Amino acid sequence: MNVELWAHQLVNGLTIGGVYALVALGYTMVYGILLMINFAHGEVFMVGAYAGYFALSFLSAEAYARSHLLLALAFSFFAAMAASGLLAFLLERVAYRPLRRAPRLSPLISAIGASIFIQNGVMLLTGARMKTYPYVFPTGGFRWGVVSISYLRAFIIATSILLMLVLYLFVKHTKVGKAMRAVAEDHDAASLMGIDVNRIIAMTFFLGGVLAGAAGVMVGMLYTQIDHTMGFVPGIKAFTAAVLGGIGHIPGAMLGGFFLGLVETFAVQFLPAVYKDVVAFSLLILVLILRPTGLLGEVVARRA
Amino acid sequence: MLDVSLKKLTLDRRIQWALFAAALIMLPFGVGPYWTHVLGSVGLYIVLGLGLNIVVGLAGLLHLGYVAFYALGAYTYAFLASPWFGLSLSFWMLLPICALAAAVAGILLGIPALRTRGDYLAIITLGFGEIMRLLLNNLDPLTGGPKGILEINPPVLFGLAFNRPETFYYLVLTFVGLSTFLAKQLNASRIGRAWVAIREDEEAASAMGIDVVRYKLLALSIGCSFAGVGGALFASRQGAIFPGDFGLMVSINVLCLVIIGGMGSVPGVILGSAALVGLPEVLRALQQYRMLIFGALLVVMMIFRPEGFMPEARLRRRKT
């Protein structure tokens, strides 16, 4: 395999890895706070892709989107992030909050139910046929030596890293971020310190949803075709990424996302492309069994 | 006096059962081939549900990859009873083989997977189910890929083939009877009590001297062997199987019927199968809303009635 191909696959791996990382952050933040797998998070991501699609189609004339590219992008990302954030917020309110003191299996089953509901709701509302994303990015790209990267991929990588950075600074340096860390540490103690735990949990879901919504638009633009079942596989993979990095650990989810993206992309060099998902799922099972604390070795509090 | 009335009661009970059995046997003559076919599917799902009920309902292990073992049973049967490998073994001989294959696979996945925490088990089994489906779809030389395996032999007994809706109905009815009996026996046995103890409080159960890992593996192997038998039944009825028959939705459907009926409860599984497989046929008009309603129902049930519509007797007692 020549250098050019390696560079090309590196770019591909980083692009999809950035998307996985954004979705993985939602899993990891929720797990960090509630010790719960938000099984419906893939659906939140899917709804983001749909909201972005409708926003871009609303600006319909692709000519408009091309002439005002930044405006069109900002609009579709805003729509997707708002829709996904809101959905994640509602999900917590309706499907998870009433079950907070229930046995461990109950929220997981409730999440499966919510997942089925959202998928079928979207299908009934928009029709079962695939939607094709309007193509707004100019073709062509940058080139440095052996590395060439399309504008779209460059944009996705840059935006995903930017969003992760914003989240990281938010959690690290704002008051709400501090409250989130406190709640993750100990609900009762945080509540005694005057933190509104319910509000912080809702906020966590909202933020996770916002990131997943952005990831949804990115995937829509990248693969150009979306349908109501598109959330399942990336959802599981993003969960894998979160586990790889050590679930509950924010920088871990980012690294895990990029790691999984790269592994998957390079695996295709040696195996037929159809085995990409087999590689990802096998990695998931192996990591869960052999190293459930993640590759970084972060010790996860075992409160359950 | 009391003795006599009790005897009378049991006699009544026996007459009731006899009438019920007679009604089940006569059913195909009353409803026609289409509904007999639907009833056959309901029966198939009862067998699957009773198996998953042991894993999820009794032992409390959330298993999301049940379809993998169903597929294993179906493909094992298809390999050995079709021109695919030039073998044509009899259904009755293959049945224990399919059950055993699924049980062994269940244990092989269970040994490493049980070391992890509860919700990780759910994700591992889910991943395993997906891997199985992807392999069935892509290992063309072995599984036929998307084109599937064709010309699978039906079960034959005394020259009678069990592949028409009516004959399959009786076959599946026999299996429903057998597995209900088996499930009830297990439920009431020492093993069943050990499972429930583990489900309720693993540490307490272990302190009482229950070998937790062994009993969990036992639950997985028995539960998966039901899926293996179900798979063989399915393949023998269809005559041709495809990877598309073994998607994640099968696992979810079986899980739903166990939960809706009432986890751990045998009558609950029967009710759940009838509701989940039979009702959509009744409500053809609502077909497209079916999954939407199921999704909402799962959430609502977890909030308001987590024990299901026909809860297990143990849970009923505890509530009052």
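The values are calculated or read from the model by the stated rules, or taken from the named source; none is laboratory data. The structure presented is a predicted model; accordingly, all values stated were derived computationally and were not measured. Virtual Cβ from ideal backbone geometry, glycine too; neighbours counted across all protein chains shown.
Quick notes on this one:
- Evaluating residue A:213 against the criteria (1) farther than 21 Å from residue A:55 by Cβ; (2) touching a residue at least 60 places away in the same chain (Cβ under 8 Å); (3) surrounded by 17 or more Cβ atoms within 10 Å (Cβ to Cβ) leaves one unmet condition, (1).
- Only one of B:40, B:49 that is touching a residue at least 60 places away in the same chain (Cβ under 8 Å), assigned to a helix (DSSP H, G or I) and closer than 18 Å to residue B:267 by Cβ: B:49
- Filter result (at pLDDT 75 or above and within 24 Å of the chain's Cα centre (by Cα)) within the stretch B:283-299: B:290, B:291, B:292, B:293, B:294, B:295, B:296, B:297, B:298, B:299
- Note on the stretch A:246-304: residues that are modelled with pLDDT of 85 or more and touching a His at 6+ places or on another chain (Cβ under 8 Å) total 0.
- Restricting attention to the stretch A:108-134 and to residues that are touching a Ser or Thr at 6+ places or on another chain (Cβ under 7 Å) and not polar (S, T, N, Q), the residue that is modelled with the highest pLDDT turns out to be A:133.
- Test: residue B:163 is within 14 Å of chain A (Cβ to nearest Cβ) and closer than 26 Å to residue B:249 by Cα: no
- Of all the criteria given as (1) surrounded by fewer than 24 Cβ atoms within 10 Å (Cβ to Cβ); (2) farther than 25 Å from residue B:38 by Cα; (3) more than 14 Å from chain A (Cβ to nearest Cβ), the one not satisfied by residue B:116 is (3).
- Residue match in the stretch B:249-263 (condition: more than 14 Å from chain A (Cβ to nearest Cβ) and crowded, with 24+ Cβ neighbours inside 10 Å): no
- The lone exception for residue B:209 - which of (1) part of a loop (DSSP other than H, G, I, E, B); (2) within 16 Å of the chain's Cα centre (by Cα) it fails: (2)
- Test: residue in the stretch B:224-239 that is within 14 Å of another protein chain (Cβ to nearest Cβ) and on the phi > 0 side of the Ramachandran plot: no
- Residue count, the stretch A:92-138 (criterion: among the β-branched types (Val, Ile, Thr) and in a loop (DSSP other than H, G, I, E, B)): 1
- Scan the stretch A:1-10 for residues that are more than 17 Å from residue A:273 (Cβ to Cβ) and in contact with a helix residue (DSSP H, G or I) (Cβ under 6 Å, 6 or more places away or on another chain) and the total you get is 0.
- Qualifying residues in the stretch A:76-98 (those that are facing chain B (nearest Cβ under 8 Å) and surrounded by fewer than 21 Cβ atoms within 10 Å (Cβ to Cβ)) - the one nearest to residue B:253 (Cα to Cα): A:94
- For the criterion of being within 22 Å of the chain's Cα centre (by Cα) and buried (at least 22 other Cβ atoms within 10 Å of the Cβ), residue B:100 fails.
- Only residues that are within 15 Å of residue A:45 (Cβ to Cβ), more than 14 Å from the chain's Cα centre (by Cα) and outside any loop (DSSP other than H, G, I, E, B) were counted across the stretch A:226-261, and they come to 1.
- Matching residues, the stretch A:143-154, being free of Cβ contacts under 8 Å to residues at least 60 places away in the same chain and closer than 20 Å to residue A:19 by Cβ: A:150, A:151, A:154
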